[in-house]
Each structure stands twice: as structure tokens, then as C-alpha cells.
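Notes follow the structure.
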Amino acid sequence: MKKISVFIILVSLSLAVFAQPNKVTSAWSYLKDGFLEDAKKAIDQAETHPKTADSYKTYYFKGQVYQELGISERPKYRALCDDCFDISFDAYMKALRLNFVKEEDRNIDFETEVGLMKFVKILQANDERNYEDSEALVDILMNRFPALSNAFINQGVNAFQENEYEKAYSNFEKAIQISTLAFKVDTQLYYFASLAALKAEKFEEAIQYNEVLMSLNYGATPEDKVGLYLNQATAYKITGDTVNMLKTLQSGIEKYPENNYVLVIETFNYYVNTGENEKAFEYITMAIEKNPNDAQFYVIKGTLLEELGRKQQAQGEYVKAIELQPDNFDANYSLGAFYYNTAVDTLDWADKNIPITEFAKLDKFKKISNEYFEQSLPYLEKAYAQQPKNVNVLGTLRVIYYRLQKMEEYGKIKEELDALTQ
């Protein structure tokens, strides 16, 4: 009886040992038949058993099981894992390593350039003796990875649309990693990643992706290409690298002379904000050449000319702006302010250069000054009609009405101004 008992125990142990590898086979069978819950249970058990924990086949099938769970439309299957595609990808990566025969190859770091180059050399050797299963290798690279990459892309697009930019970037980055291992360059995917990185404030990453895209001449139209240069300049600007920002803008302006409008404006804005008026003037002139019917550009150009001391030329720019857009507030206010300032400057010059006893000369300059005040009035009144609570407009009109002795208008404007400022 003792011998029989020992025999039964030994048989039971042997069955337990040999039953576990069958979990891999069971998982594959359940997967083919669509029983994903059972397939998951079987492959999870196989992963933890000593006999199958280091088998490439375990992770090859695990990758497939979790990939199917991720794309399943049945809620009960989707609920079996939170990060199905990530688990699937990690499983495939482990399957690739364990599929190598040589122990040294099983330690390849696929996330480094050195590791990728080593992987390429192994594949180029085309020696099936290097793999336990060359068909599994080909299947992962040529079939499983492309489908998995698309799954990550879809997740990334959905996250981007929900303004979850960190999540979107993570998914696009994973899709790029997979595509790289499958020896594919998807420029559209790189573009998605660059946009998500920019939105997620991962500016260094955005810069790297944009550099790749620009080197590959990405973009279906010149406008698309210009947009890429603008994105790159924006990333450099936010990181404080104004040197590369300007280089990028200038490069795009020169490369796409017919479509560089947004780059010109961005360059202009930079020079205005840094007080480099000569440079700013150069680019606003260029902007006008691109869009000669934008009244606001002429207002900006006139303002720059005034700051550069070229006042008479500035007047012409304001007049042109009003011709293009009679109701433009900035144009009317700027031209009215131009005449107002000229009137004030005239009085100031006379006060400093004409003796107080020379009444005739003083009256002459006062008359000239009043003529400028009269010229400014219609433009400032039009600006007032557009923005009746603008303190600058009200204050200027109050002075003009007083100077011209229009006391009724003066009283009305003064009352409105006092109500706003007191």
C-alpha cells in the first residue's frame, strides 16, 4: 500500500508540473474561440509558473490576449484590464527578448539607439538559429505591432480631443516606439506627438519631433509646412531660446516666401515687444506687402514711424488705414492723436522760443495750433462714437474743446470723464 501511495503522489506531482505548460496552450485555444476571460486567466497563470514564466510563447500569447481585450467591444472584457494595450506591448517586448537563443541578446535595451542597432544587426543576419521561433518574431513585428500602434494612436486622438494632452502624448509616444521597432516612419504620428507635446508643455520633446518633421519636409501644403515652423518657433520661445526661435522664423520666411505671413507677424511681434523698432518696422512693412488691405497694419506702421521720429510719414499711414477701413477705432484715434500732438508741440515750441512780449508771433502759432486741433477733432469724435467710455479719448477731447472754446461740448465731455474717473 505504501508503494502505491507513493506512486500516486509522484503521478500527481508530475501531472501538476506538466499541467502548467498546458495553460499556454489553453490560453491560445480560448483566444481563438473568443473566450477572452478564460484566455486571460490561463495566460496569467502561465506567467507565474516556473515552467512557463521565462517562455517567449507565454508572452507572445499574453500580448495577443491583452490586445484583444483592449479592442473588444464587450464591456465585460474591456473591464478586465485598465491598460490593456500597455500590458500587451510589454508582453510582446518580453516575447522578443525571450525568443532570442543567445543569453546576451535577451538583454537588449530597445529604448536606446545602441539596442536598436543591435536588434537590426541580428535581423540582418537572417539566421533562424538565433530565434526559438522566427515565425513568432515576424508576426509580432509585421502584424501585431502595426495593429497595436493604431490602437495607441486612437487612444491618443481621443485623449487629445478631450484636452488630456499628457495622456495623448504618452499614447502617441508609445505608438512611435512600436512603429520604430516595426521599422516604419509615420510622419503623421510624429506630428500628432509634436502637437500633444506642445499642448502638454513638453517643449523639449516638441522641439525634437519638429526637427525630425522639418528634416523630412513634412506637410501636404506650404501652409502646413509654415505651421510646423511656427510651432517650432513657439516651443523655442517658451523655453527662452530666442536665438533658435528667430532662426526658425527666418528660415521659414525665406523657404516659403509666398506663405510666410504668420511667421512674419510672429517675428514682428517679437521685435515690438523687445523695443527693436527698426527691425519691427522692417517686418510690418513685409506684412503689408503680404496683406495690403489690412488697415491695422498701417496703424502699426504709423505708430512705429512716430517712435522712429518720422512723423510726416506716420500721418500718411494713418490716412491709408482710414481709407481702407473708415470705422477703424485705432486708425481714427491715432490720426486724431497725431494732429493733437502736433498742436501741443506747436504751442510748446512757441512757449520756449518766442518771447512773451511778442504777442503777434505768439498769436500766429496759437492759430496754427488751433488749426491742428480742428483737424484732430473729427477723427477723435469718431473714435469717441465707437468707444464712448474710453478715458484717453475723453481726456483728449476735453482739452481740444477747451482750446477751441467749444464750452458746451467741453462741459458734456468733462462730466462724462469725471463720472468715469471719480
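The values are calculated or read from the model by the stated rules, or taken from the named source; none is laboratory data. Please read these numbers as outputs of a predicted model, since none were measured by experiment. Using ideal geometry, Cβ is built from the backbone for each residue, glycine included, and neighbour counts are taken over all protein chains shown.
Mind checking which pairs have a first residue in the stretch 63-86 that is over 15 Å from residue 41 (Cα atoms) and of a type in the set (Ser, Thr, Tyr) and a second that is at pLDDT below 90 and in a helix (DSSP H, G or I), Cβ under 9 Å, 6 or more apart or different chains?
If the second residue must be at pLDDT below 90 and in a helix (DSSP H, G or I), the pairs left are 72/78.
Kindly indicate which of 23, 62, 76, 41 is more than 26 Å from residue 153 (Cα to Cα), part of a helix (DSSP H, G or I) and at pLDDT 90 or above.
Numbers: 23 fails: at pLDDT 90 or above; 62 fails: more than 26 Å from residue 153 (Cα to Cα); 76 fails: more than 26 Å from residue 153 (Cα to Cα).
Only one candidate qualifies: 41.
How many residues does the stretch 289-304 hold that are part of a helix (DSSP H, G or I) and either under 12 Å from residue 321 (Cβ atoms) or without any contact (Cβ under 8 Å) to a residue 12 or more places away in the chain (or both)? Working first, answer last.
Of all residues in the stretch 289-304, those part of a helix (DSSP H, G or I) come to 289-290, 295-304.
With the extra rule that they be either under 12 Å from residue 321 (Cβ atoms) or without any contact (Cβ under 8 Å) to a residue 12 or more places away in the chain (or both), the set shrinks to 289, 295-303.
Of the residues in the stretch 289-304, 10 are part of a helix (DSSP H, G or I) and either under 12 Å from residue 321 (Cβ atoms) or without any contact (Cβ under 8 Å) to a residue 12 or more places away in the chain (or both).
Checking the condition touching a Lys or Arg at 6+ places or on another chain (Cβ under 7 Å) and either over 21 Å from residue 228 (Cα atoms) or modelled with pLDDT of 95 or more (or both), which residue from 261, 298, 256 passes?
None of the others qualify; the one that does is 298.
Can you run down the residue pairs with Cβ atoms below 9 Å, 6 or more apart or on separate chains, where the first is in the stretch 381-399 and under 16 Å from residue 421 (Cα atoms) and the partner is surrounded by 15 or more Cβ atoms within 10 Å (Cβ to Cβ) and basic (Lys, Arg)?
As it stands, the answer is 394/414; 398/414, since those pairs meet every condition given.
If residue 313 meets every condition in (1) part of a helix (DSSP H, G or I); (2) within 27 Å of residue 226 (Cβ to Cβ); (3) among the polar types (S, T, N, Q) apart from one, which number is that one?
Every listed condition holds for residue 313 apart from (2).
Among the residues of the stretch 323-335, is any aromatic (Phe, Trp, Tyr) and more than 29 Å from residue 402 (Cα to Cα)?
No: zero hits.
Go through (1) at pLDDT 95 or above; (2) under 20 Å from residue 191 (Cα atoms) one by one and return the number of the condition residue 222 breaks.
(1)
Please work out which residue is farthest from residue 94 (Cα to Cα), limiting yourself to the stretch 196-206 and to residues that are free of Cβ contacts under 8 Å to residues at least 40 places away in the same chain and surrounded by 21 or more Cβ atoms within 10 Å (Cβ to Cβ). Can you show your working first?
Filtering the stretch 196-206 for residues free of Cβ contacts under 8 Å to residues at least 40 places away in the same chain gives 197-206.
Still in the running and surrounded by 21 or more Cβ atoms within 10 Å (Cβ to Cβ): 197-198, 206.
Details: 197: 28, 198: 32, 206: 29 Å.
Top of the filtered list is 198.
Enumerate the pairs (first residue in the stretch 154-166 and in a helix (DSSP H, G or I); second residue anywhere and of a type in the set (Lys, Arg)) with beta-carbon separation below 6 Å, excluding pairs fewer than 6 apart on the same chain, so at least 6 apart or on different chains.
Partner pairs satisfying both residue conditions: 159/167; 165/199.
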